[in-house]
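Below is one structure, written out as structure tokens; comments come after it.
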Amino acid sequence: MSNQNLLGPPATFLPDEPEVREALTRAVGFDVDEVLEQTVKDHPTSSLAWATLSDRAWSRREPVQAYAYARVGYHRGLDALRRAGWKGHGPVPFSHEGNRGVLLALYTLRRAAEAIGETDEVVRLSEFLEGADPAAVAAIEAGER
């Protein structure tokens, strides 16, 4: 039996970004901020790069900066989803490597929105994440990237 939703829209699968993942992996042991900023400059349309930059700002307790970076990642993700045929709803499986950047951007934006008191946005982003993949938040919080 397939876990594909036969009654709803098909799942959306974004292209993988191995070059972005590789660049982010290189950040370990180096000037992390410099590597992250260079990765964003080299891959400005990457939700994964922007979400990782947001996560770094969050770790420095900079929720406004984290929000701003995540907002860019979110919009880049929406652009990518639409290019892939997404119609504003439907599955975006976290299990697919290429989808993780946009889901991480949604997660980091929701977290930062909560920190700055954007309650309505937190609700909307929670619904978006749940509709995209109910397992995404748990996977992100477990450290899967």
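The values are calculated or read from the model by the stated rules, or taken from the named source; none is laboratory data. Everything numeric in this text was worked out from a predicted model, so none of it was measured. Here the Cβ positions follow ideal geometry from the backbone for every residue, glycine too, while neighbour counts run over all protein chains shown. Please note that ligands, DNA and RNA were not included when accessible areas were found on the heavy atoms of the full protein model with its side chains. Shrake-Rupley method; radii C 1.70, N 1.55, O 1.52, S 1.80 Å.
Assorted remarks:
- Surface share of carbon and sulfur [accessible, 1.4 angstrom probe, percent] for segment 57-139: 52
- Positive-end extreme of charge dipole, segment 33-145 - chosen from Ala136, Ser46, Trp58 (charges on Cβ): Ser46
- 3J(HN,Hα) from dihedral phi, segment 66-77, Karplus parametrisation 6.51/-1.76/1.60, rounded to Hz, x for glycine, proline: 4, 4, 4, 5, 5, 4, 5, x, 4, 5, 5, x
- Backbone geometry of segment 32-41 corresponds, through the Karplus equation with coefficients 6.51, -1.76 and 1.60 at θ = phi - 60°, to 3J(HN,Hα) couplings of 4, 4, 5, 5, 5, 5, 5, 5, 5, 5 Hz, x marking Gly and Pro.
- Accessible area of segment 22-62 divided out per residue, in Å², using a probe of 1.4 angstrom: 59
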